[in-house]
Ligand code: CA
């Protein structure tokens, strides 16, 4: 569905104000004690971004970047999904800018961690807002952004909007990101149920996005990474049409590449009314991973 932001603000203002409470305008760091993965590990990665069956453009961008430095003793990777909004070419431009800037900030950091990820999001927000403010063609553009950074066995997530990050561990799928939508806030506050939210007409109204305002609230937190974990990032074009259980089953049963294909295909068969993007990363001992090495260190997609 087309994202909308804030245009229903008045309708829900009392709800938003009660939810936002004291943290309006600040970054939210949800402290979470995590263990560093110290064993030898590697990744099998895959992603797919599909225009879907209805849209004329793909406004999603996705990227997997392996980071290199002589100081690293273990694989380091940055995974990103961004879902742009704004009409014409603006949404496409916003998600591309987000991916490009976040990658640049992380790639040039000497030892990137949670604070660099937060900084990367703030810089991307600033750049998108500036372009939108100075160019009528891009006025009002914005994007969601969900990132997973794993460096030397430590993981961090940063997130804005309603793209999602999941982790499959011991065959159980957990959603690690929180949807930044008015409807998700209504569920968290007990106003409607999760089932009602799935069919709510305003379920795609975001209460924050990257690039639409000068200030940005970012959800960022450490993420526990263990051997056998599968991380999956996706845009709402996927999770609107494919259930939690279906995502879980596909990650259990298929390789990252096969699960990306399966999930995108499933969303297309159910209408594919939005762009569909999926990133999947399987972390395990090198002996358990695919023997086929990646041909490129950085893979970015943005279908126009
Ligand atoms: Ca979307």
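Quick notes
- Residues that are crowded, with 21+ Cβ neighbours inside 10 Å and away from the ligand (no atom under 16 Å from the Cβ) within segment 270-288 comprise 280, 281, 282, 283, listed in sequence order.
- Matching residues in segment 220-245 - criterion: being crowded, with 17+ Cβ neighbours inside 10 Å and part of a helix (DSSP H, G or I): 236, 237, 238, 239
- The lone exception for residue 46 - which of (1) within 16 Å of the ligand (Cβ to nearest atom); (2) crowded, with 18+ Cβ neighbours inside 10 Å; (3) not in a helix (DSSP H, G or I) it fails: (1)
- Any hit, segment 235-244, residues being touching a residue at least 40 places away in the same chain (Cβ under 8 Å) and away from the ligand (no atom under 13 Å from the Cβ): yes
- Of the criteria (1) at pLDDT 95 or above; (2) crowded, with 18+ Cβ neighbours inside 10 Å, which one residue 112 fails: (1)
- For residue 70: the one exception among (1) in a strand (DSSP E or B); (2) more than 20 Å from residue 208 (Cα to Cα): (1)
- The sole residue among 27, 69 that is in contact with a strand residue (DSSP E or B) (Cβ under 9 Å, 6 or more places away or on another chain), over 20 Å from residue 228 (Cα atoms), surrounded by fewer than 20 Cβ atoms within 10 Å (Cβ to Cβ) and modelled with pLDDT under 60 is 27.
- Search result, residues across segment 72-96 that are within 15 Å of residue 225 (Cβ to Cβ) and surrounded by 20 or more Cβ atoms within 10 Å (Cβ to Cβ): 76, 77, 78, 79
Yes/no matrix, rows are residues, columns are (1) within 17 Å of the chain's Cα centre (by Cα); (2) closer than 22 Å to residue 283 by Cα:
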{"residue": "55", "(1), (2)": "no, no"}
{"residue": "74", "(1), (2)": "no, yes"}
{"residue": "80", "(1), (2)": "yes, yes"}
{"residue": "116", "(1), (2)": "yes, no"}
{"residue": "127", "(1), (2)": "no, no"}
{"residue": "131", "(1), (2)": "no, no"}
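- Options 114, 123, 59, 118; residue that is within 16 Å of the ligand (Cβ to nearest atom) and either closer than 24 Å to residue 166 by Cβ or touching a residue at least 12 places away in the same chain (Cβ under 8 Å) (or both): 59
- The strands (runs of 3 or more DSSP E) found entirely in segment 126-206 that carry 1 or more residues being within 16 Å of the ligand (Cβ to nearest atom), surrounded by 14 or more Cβ atoms within 10 Å (Cβ to Cβ) and free of Cβ contacts under 8 Å to residues at least 60 places away in the same chain are 154-160.
- The selection criterion, being more than 16 Å from the ligand (Cβ to nearest atom), surrounded by fewer than 15 Cβ atoms within 10 Å (Cβ to Cβ), at pLDDT below 75 and assigned to a loop (DSSP other than H, G, I, E, B), does not hold for residue 11.
- Those residues of segment 84-109 which are in contact with a helix residue (DSSP H, G or I) (Cβ under 7 Å, 6 or more places away or on another chain) and either in a helix (DSSP H, G or I) or at pLDDT 95 or above (or both), in sequence order: 84, 90, 93, 94, 97, 98, 101, 102, 105, 106
The values are calculated or read from the model by the stated rules, or taken from the named source; none is laboratory data. All of these numbers come straight from a predicted model, not from anything done at the bench. All Cβ positions, even for glycine, are placed from backbone atoms using ideal geometry, and neighbour counts span all protein chains on display.
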